1. Scanning for something modelled with pLDDT of 95 or more, closer than 17 Å to residue A:105 by Cβ and crowded, with 19+ Cβ neighbours inside 10 Å, does the stretch A:201-221 turn up at least one residue?
2. When the residues of the stretch A:2-30 are narrowed to those that are more than 9 Å from chain B (Cβ to nearest Cβ), in contact with a helix residue (DSSP H, G or I) (Cβ under 6 Å, 6 or more places away or on another chain) and crowded, with 16+ Cβ neighbours inside 10 Å, which ends up farthest from residue A:47 (Cα to Cα)?
3. Can you tell me which residue is farthest from the chain's Cα centre (by Cα) among those in the stretch A:437-485 that are under 30 Å from residue A:229 (Cβ atoms) and in a helix (DSSP H, G or I)?
4. If you go through the stretch B:182-196 one residue at a time, do you hit one that is exposed (fewer than 15 other Cβ atoms within 10 Å of the Cβ), outside the structural domain of residue B:13 (by TED's automatic domain parsing) and in contact with a helix residue (DSSP H, G or I) (Cβ under 6 Å, 6 or more places away or on another chain)?
5. For the stretch A:571-622, which positions are more than 13 Å from the ligand (Cβ to nearest atom) and under 15 Å from residue A:457 (Cβ atoms)?
6. Just the residues that are facing chain A (nearest Cβ under 9 Å) and part of a loop (DSSP other than H, G, I, E, B), please, taken from the stretch B:13-40.
7. Between A:176, A:194, A:251, which is assigned to a loop (DSSP other than H, G, I, E, B), surrounded by fewer than 18 Cβ atoms within 10 Å (Cβ to Cβ) and more than 22 Å from the chain's Cα centre (by Cα)?
8. Do we find that residue A:572 is touching a strand residue (DSSP E or B) at 6+ places or on another chain (Cβ under 7 Å) and crowded, with 16+ Cβ neighbours inside 10 Å in this structure?
Ligand code: SF4
């Protein structure tokens, strides 16, 4: 453990001492496998992540395994550790990561990549996979960014592609067996690379064409699969779920019970990666969920529970679940938070029961400012639906609205950008038409936010050209000016996202193996905590690209041909490239696609034979 | 609603959990232990819970107190056991007492606190610590400058130090000082001033401080009679 003096000197000692409620202690001499599970960002963010809690719980249910947690030390402790040569340790045992069998790193967003190197370096594990020996832990990545692992492939020994609940047991058994029989690290990695869902980057060879795109991507050995199929839970009601999640001492981002009601999404928004990766939609049984909610509240003592899914309104048993929660939570004085609900009569009614209408705000995510562009992105939300929802909400007493849009979507024109301002203005107008003067509590407050669009792998927009930083900022400027010229401009506040960091995210999202050198370079120059704007240093990144001779535009603004081999093509997430291409063409054609409950689009995911693919379709109503 | 006074201790790594986080910790613990705690009314009800005297980060304690309201209760032991079952290592519920109707709340009843202070290995005092304690206390007044939000002000420590002794065998200082909201004295502050009196200076990490107990005064101002805060409550 860190000594008192250090703990008293650093800003948040509570992040490094472990010992939280429901954290798991085991006798290290009685386990075969020690697993360090890492979220490469600060404790407060990492502890808020459901996925880690699921894997932590699952691995600790295995008698032969002890899973512990590790997060990125904040810059104050980072400096102390380097100065005093203290190796990075896991929270539970407070023992060095270097002594573990596995270091699992979850990859939730691209901007954490330099922190991976920090974790490795502070742990004294060689940052490049090729330099590791039998004395080092196996470094395995997982999570959404592992669907394009190539930019960080050289830092990892293995990647787990897909949902974590299914293949770890086999992987650990293989490890135990091969360790016992004295096999080397390389031998183990080779065997692991044959397991479903497990990708071992060193077993594959990439060759490039003269223009820099991929010519071939092939296994080096005959017994290693050319395609890695994602792992997926087929029966969500019958798998691992953390009924005793760890309860942090300090306030973290997500300080509540999280109930994951389903995985996947029926909507098929064309910019959305999660909507494709987790296909098909699978629901958890409502009775199972009620039981989970009850148990988790009891075991944590949290004062809030939140539903988690990509689009909670699509959960078929939602009314029953919410009725139960409202009753149970009222009795226990527990708050319910309901993110990702579509605004309609039902949700407004529910929301008025669970939150203070005067304080809470209404959230719409039209994503694009015009109906034309919303058709391009297949966001089935019309202006009429938004304005009706807003009207009903204003009648119900709400007066704060948050609107989310993206700038830089394919085919976007000036009209679409100005549409953002117009739609914001229309909503304000509805307020003043709906709520009589004497009932108003000041102005309606509309907060319009835009983020910049990043094309992601496994989406129909994976072929799209991304805007440059300058284009992004011009677009934000157009929106800003357009808002200023609206009648109700005083009721609208406009926020936009940083452009530099978006460009970098764009490079990593569709990057290939050439990027790892750039990341290493930038890290060595001091880049760390890139998702924290106070630490993000674009200048150092630009220098690193330059010095490594890697072009940013190649990954962002370049036009990709339909038959280009993408770095992530060797992974199958269940959705076929043909389907994505079809959707890309429909997008350019401004044609919408119905959702999975209306009509199947033949995306490929029906092969799993579960979830929404097996439901009767309703057809498209016009 | 019945009022309970809960005494707990705090040791080990838990000393790094600050006061606000301890409050959050206990709010969640009440739910885990299924204590029938009372809630305030209003749109976002909160638990009826108040703490006696906040403890600084880094300080261990054998005598922390909080008051809670409950709507029902089987016995004080039942609550004590239920809470102890959901505690983390380092925090123990020492006693649960029912307060009389008219009892003053924990925070305003605090009059004094007793601390023991030992020395970190590499910061053992290199002078006779015991030698000058009596001279120090015999001064007419012990004037110190205290930093406040409004600037600095001069105060006399003497009336706020009730006892100050050194046990040369155990090598610990023991100190009973004012902990009331109007005259709260930090033990390290007294140590620093004493070091200064001896012509020495104390470093930031010299001392390991434990609060031994927190007291209320059931005597008078002139003739104080300090008793632990849970003295005023009874078993149920
Ligand atoms: S196969 Fe059809 S129903 Fe199933 S996820 Fe794909 S589009 Fe939806």
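The values are calculated or read from the model by the stated rules, or taken from the named source; none is laboratory data. From a predicted model like this one, the values you see are computed outputs, not experimental measurements. Cβ coordinates were reconstructed from backbone atoms using ideal geometry, including for glycine residues, and neighbour counts include every protein chain displayed.
1. yes
2. Filtering first and then ranking leaves A:6.
3. Kept after step one, since they are under 30 Å from residue A:229 (Cβ atoms), are these residues of the stretch A:437-485: A:453-466.
Then drop every residue that is not in a helix (DSSP H, G or I), which leaves A:460-463.
Working: A:460: 18, A:461: 18, A:462: 17, A:463: 21 Å.
Top of the filtered list is A:463.
4. Yes: the stretch B:182-196 contains one or more residues that are exposed (fewer than 15 other Cβ atoms within 10 Å of the Cβ), outside the structural domain of residue B:13 (by TED's automatic domain parsing) and in contact with a helix residue (DSSP H, G or I) (Cβ under 6 Å, 6 or more places away or on another chain).
5. Scanning the stretch A:571-622 gives A:571, A:572, A:577, A:581, A:584.
6. B:17, B:18, B:33, B:34
7. Details: A:176 fails: assigned to a loop (DSSP other than H, G, I, E, B); A:251 fails: more than 22 Å from the chain's Cα centre (by Cα).
After ruling out the rest, the residue left standing is A:194.
8. Values: touching a strand residue (DSSP E or B) at 6+ places or on another chain (Cβ under 7 Å): yes; crowded, with 16+ Cβ neighbours inside 10 Å: yes.
Judged against the criteria, residue A:572 is a match.
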